[in-house]
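Written below as C-alpha cells is the structure these notes are about.
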Amino acid sequence: MKRFILTFFSLTLFFALRGFAQCPDPSITADGFHPQPEDLPCIINNGTAYSETVQVNVPASFDTTLPLIGPTTVTIDSIRIDSINNRPTGIAYSCTPSDCVFEGGSAGCVTFSGSTTDPAMDYVLEIYATAWVKVAGSPQTFSGFDISQAGLEYYLTVISECDNCPNTGGEFTADALANNPDICVGGSTTLSVDITDSGNRGPYTYEWSDPSNSLDSNTVANPVASPATSETYNVTVSDTCGNTTISSVDVNVITGPAASFGVSDNGNGAFSFDASASTGVPTLIYDWDFGDGSAAGSGELTTHTYTAEGTYDVVLTVTDDCGASDDHTEPVDVIITSVNDLSQAVDYVKVYPNPNNGTFEVRIKSADIKSNYSLRLMDLQGKEIYAESVSNQNVEFKRSMNFNHLNAGMYFLHISSDGLTYVERLVIQK
C-alpha cells in the first residue's frame, strides 16, 4: 500500500513555471503540481523578496495494481500536505485553502515567500502528506510519507546575484540626468543616474568622465558639477556581475545675452522697435532708453513718439535670468514734417474727444482757407487705415469720424490742405 500512495504522489506532484495571476487557474487542467522544479524562478540570496505560487490539481481517481488485489481503481477523497521541510531559511509556505487539504478532483495552491541569505544550491524539499482514499470501496488513510522517497525530487533553487538561472538577467541600462541642464556662470547642478535592471544586480559602481575637473566626485551616483564652460559628462555604471552600461548628459553654461534691435520710422516722430533678434537663455528682460528723457520702455516689441526733431541714441539693455546683461545702441533721426504748419495758418484745429473710444470730431476754423481737406488715419507701423478727401466752403469745417472697429491703441490723424499738414496723435481706448 505504501508503494501505491508513493506512486500516486509521483504522478501528481510537480511545480508551476510562474506564480499565477489567479490561483487556482481553471485553464490549467492537468493533474498534479505545476510545473517541474527546474522551471521555478530562483531565489537570490541577497535578501531579495521572493514570492511564487504553484497550483495543485488533485485527480479524482487513478488506476493501479495492488498486492493481493491486482488491478484496481483508487478513488481520492482528499490529500493534505502536512509539512514541507528543508526549505531555505526565511522561506515560508502557505496554502489555499489555508488547511492545505485538497479534495479529489479539485485544485488548490501553495505559495512560497520570504527572503534568504542561505548559500546558493538546490534545496530538496521534504514534503510529507496524508491521503484519504477508497480502494475497492473500502476507506483507507495513508499518512507520514516523504514524497522524495518515491524517487521524484522537488526543490527550490537559491543563487547568488550573478548565477545563471531561468528568469534572471534581463535588461541593464542607465540614463544620465542633470537636475538643471542650464546653469549660470559660476553655478552648479547635481547629476544622477536612472538605472533599469530587471536582474536586480546592485549595488552599482559609477565612473564619471571629468575632463575639466569640475565634479566634486567621479565615483558616486550623484556628483555635483560646476563647469566653467558647457560640458558633456559620461558615466559608466557597473553591476556586481561585471556588466557595464554607459550614458551621457550635457550641462550648458549660460554665457550671457546679446542685445540687438531693428527700427521702423512710422513718420512724424513715431517709431517702432523690434528686439526679437536679441539672444539669450532661458528668458530675457528688455529695457529701452529712447534718448529724449522720456520714461523707459519695456518688452521685446515697443513704440515711441518723439515730439521734437533731432537725432536720438536709442539704447536697448537685455538681461537674462542669471543677471547678465548686454547693451545695444542705434541712432534714430526724427523729422516731423509740417506738423504745426496747418494749425499756424488757421484759427484752430480741434480733434476731440482725445482719448476716445473710436468716435471723435474734427473741427477747423479759418477765415482764409475754404478749400479741400485730406484726412488720413495711420497706425504705429505707418500703415494707412483710412483716407478721405472732402470739400469745404465754410469758415468752419466739421467732420464726425467713427472708428469703433479699431483696436485700442495709438494712431495718427493727418489733416492736409493746400500743402499744409497737421498731425494729431490719437488714442483709442476700449
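With (1) surrounded by fewer than 15 Cβ atoms within 10 Å (Cβ to Cβ); (2) hydrophobic (A, V, I, L, M, F, W, C); (3) outside any strand (DSSP E or B) as the list, and ILE246 as the residue in question, which single condition is left unmet?
Answer for ILE246: the failing condition is (3).
Only one of VAL263, VAL235 is modelled with pLDDT of 95 or more and among the hydrophobic types (A, V, I, L, M, F, W, C). Can you tell me which?
VAL235
Suppose we keep only residues that are part of a strand (DSSP E or B) and among the basic types (Lys, Arg) within segment 380-422. Which one would you say is least open to solvent (accessible area, probe 1.4 Å)?
Selected residue: ARG399.
Okay, residues lined up against (1) more than 43 Å from the chain's Cα centre (by Cα); (2) under 26 Å from VAL427 (Cβ atoms):
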residue: VAL281; (1), (2): no, no
residue: ASP289; (1), (2): no, yes
residue: ALA295; (1), (2): yes, yes
residue: GLY299; (1), (2): no, yes
residue: THR302; (1), (2): no, yes
residue: TYR306; (1), (2): yes, yes
residue: VAL318; (1), (2): no, no
residue: GLY323; (1), (2): no, no
residue: GLU330; (1), (2): yes, no
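Restricting the first residue to segment 301-312 and requiring it to be of a type in the set (D, E, K, R), which pairs with a second residue that is modelled with pLDDT under 90 meet a Cβ separation below 9 Å and a spacing of at least six or different chains?
Between residues of segment 301-312 that are of a type in the set (D, E, K, R) and residues that are modelled with pLDDT under 90, the close pairs are GLU309/GLY269; GLU309/ASP333; GLU309/VAL334; GLU309/ILE335; GLU309/ILE336.
Among the residues of segment 111-125, which ones are in a loop (DSSP other than H, G, I, E, B) and open to solvent by 60 Å² or more (accessible area, probe 1.4 Å)?
Just the residues of segment 111-125 that are in a loop (DSSP other than H, G, I, E, B), to begin with: 115-120, 125.
Within segment 111-125, THR117, PRO119 meet the criteria.
Within segment 199-243, track down each residue that is surrounded by 14 or more Cβ atoms within 10 Å (Cβ to Cβ) and of a type in the set (Gly, Ala, Ser).
GLY199, SER209, SER214, ALA221, ALA225, SER226, SER230, SER238, listed by residue number.
Determine which member of the set GLY291, GLY323 is crowded, with 16+ Cβ neighbours inside 10 Å and in a loop (DSSP other than H, G, I, E, B).
After ruling out the rest, the residue left standing is GLY291.
Restricting segment 360-375 to residues that are open to solvent by 60 Å² or more (accessible area, probe 1.4 Å) and not in a loop (DSSP other than H, G, I, E, B), which is modelled with the lowest pLDDT? Even if it seems obvious, please write down each step before you answer.
Let us first name the residues in segment 360-375 that are open to solvent by 60 Å² or more (accessible area, probe 1.4 Å), namely 363, 365, 367-368, 370, 372.
Those still in the list that are not in a loop (DSSP other than H, G, I, E, B) too: 363, 365.
Values: ARG363: 91, LYS365: 86.
For segment 360-375, the residue satisfying everything is LYS365.
The values are calculated or read from the model by the stated rules, or taken from the named source; none is laboratory data. Since the structure is predicted, the reported quantities are computational estimates derived from the model, not experimental observations. Please note: Cβ atoms are built from the backbone with ideal geometry, for glycine as well, and neighbour counts cover all protein chains shown. Surface accessibility is based on the protein's heavy atoms, side chains included, excluding ligands, DNA and RNA. Shrake-Rupley method; radii C 1.70, N 1.55, O 1.52, S 1.80 Å.
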